[in-house]
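Everything below concerns the one structure shown next.
The values are calculated or read from the model by the stated rules, or taken from the named source; none is laboratory data. Model, not experiment: these values are computed from the prediction. Neighbour counts run over all protein chains shown; Cβ positions are idealised from the backbone, glycine included.
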Amino acid sequence: MKGIVPPMVTPLKSQDELDVEGLERLVEHIIKGGVSGLFLLGTTGEGPGLSYALRRELLERTCKLVNGRVPVLACVTDTSFTESVHLAQVAADCGCHAAVLSAPYYFVPDSPELIEYVAHITSQIPLPLYLYNMPGLTKVNFSMDVLKAAMDMPGIVGLKDSSCSMLYFHQVRALIGERDDFGLLVGPEEMLAETVLLGGDGGVNGGANLFPRLYVELYKAAENKDMERISRLQKEVLAVAHSLYTVGSHPSSLIKGLKCALSLEGICSDVVAEPFQSFRSKEREQVASLLGDLKGKIDTALN
């Protein structure tokens, strides 16, 4: 898979109820922006904070809405091996194209244990599998030894890296070499252009929920090595990250900022899953001001 695969936010009406109408608007908004796929139930989608029933409902409804227009990837990470396998089966039944799996958290495996875990779970998951490197939250890094072993396992097709490390990116690229059967997508949007220029396959970028075309066009510019356009669009991607994601300075500000902005645009609700809380009026006013400025500058940069 190449291009932009937004880690879709999960529109919520309440703690355990989907914003169904908002979900429909969000899916159409993102697909209209020209993305290459959708990634459900990841970090930006608050997957680990949602009930199993709601996760299943999101997969079912989203796959029906997408209706095959783009591939859908489902994060099946869980502390329970069995629940990860069950969720992967649900994803397959709904029509998802691939599963995405980070290292299990809370009980931290060492490298030999992680290799065995990946081998065991891959044999039971009925979908192609992307590994998801998210050491900041799982406290486990997919080392080169683990990746080297995983790359030879049937069914593992790539890595989504959210380590924020260019050193790690270069190590993975060197490990992949000339193989064209193992993809490499990056999460941090600030690194999108650089990693594509250096052989990465695209981005799983949160800001593409709100401004999908901006990220798609930056990816295309990097693919075409159009340095002037990269410079112009990268400036706006950085502006999104450095303004919208820093309101309130909460660890959850990225998710809150995106959901607040999407609600201000009339796309979906801004309800976030506990333990997070939606922005209050003062923060919403700040997001509204930032959003107006961002939209004008992004429109200018794209045209």
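Would you please name the residue that is surrounded by the most Cβ atoms within 10 Å (Cβ to Cβ), looking only at residues in segment 55-82 that are touching a residue at least 40 places away in the same chain (Cβ under 8 Å) and out of contact with any helix residue (DSSP H, G or I) (no Cβ under 7 Å at 6 or more places or on another chain)? Only one residue fits best here, namely Leu73.
Against the condition out of contact with any helix residue (DSSP H, G or I) (no Cβ under 6 Å at 6 or more places or on another chain), surrounded by 15 or more Cβ atoms within 10 Å (Cβ to Cβ), more than 24 Å from Val76 (Cβ to Cβ) and not acidic (Asp, Glu), how does Met191 come out, does it pass? Criteria met by Met191.
Condition check ((1) of a type in the set (Ser, Thr, Tyr); (2) at pLDDT below 95) across all residues:
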{"residue": "Leu101", "(1), (2)": "no, no"}
{"residue": "Tyr105", "(1), (2)": "yes, yes"}
{"residue": "Glu113", "(1), (2)": "no, no"}
{"residue": "Ala119", "(1), (2)": "no, no"}
{"residue": "Asn141", "(1), (2)": "no, yes"}
{"residue": "Leu147", "(1), (2)": "no, no"}
{"residue": "Met153", "(1), (2)": "no, no"}
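Just wondering, is there one or more residues in segment 108-121 that are of a type outside the set (Ser, Thr, Tyr), assigned to a loop (DSSP other than H, G, I, E, B) and surrounded by 15 or more Cβ atoms within 10 Å (Cβ to Cβ)? The answer is yes; a qualifying residue exists. Among the residues of segment 214-231, those that are surrounded by fewer than 17 Cβ atoms within 10 Å (Cβ to Cβ) and either in a helix (DSSP H, G or I) or of a type in the set (Gly, Ala, Ser) (or both) comprise Glu223, Met227, Glu228, Ser231. If you filter segment 129-171 down to residues that are among the hydrophobic types (A, V, I, L, M, F, W, C) and more than 25 Å from Ala91 (Cβ to Cβ), you find that the one that is surrounded by the fewest Cβ atoms within 10 Å (Cβ to Cβ) is Leu167. Leu294 falls short on exactly one of the conditions (1) at pLDDT 95 or above; (2) surrounded by 15 or more Cβ atoms within 10 Å (Cβ to Cβ); (3) within 27 Å of Arg55 (Cβ to Cβ), and that condition is (3).
Each row is one residue, and each column tells you yes or no for (1) crowded, with 19+ Cβ neighbours inside 10 Å; (2) without any contact (Cβ under 8 Å) to a residue 40 or more places away in the chain; (3) outside any helix (DSSP H, G or I).
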position	(1), (2), (3)
His242	no, yes, no
Lys259	yes, no, no
Ser269	yes, no, yes
Gln277	no, yes, yes
Val287	yes, no, no
Asp299	no, yes, no
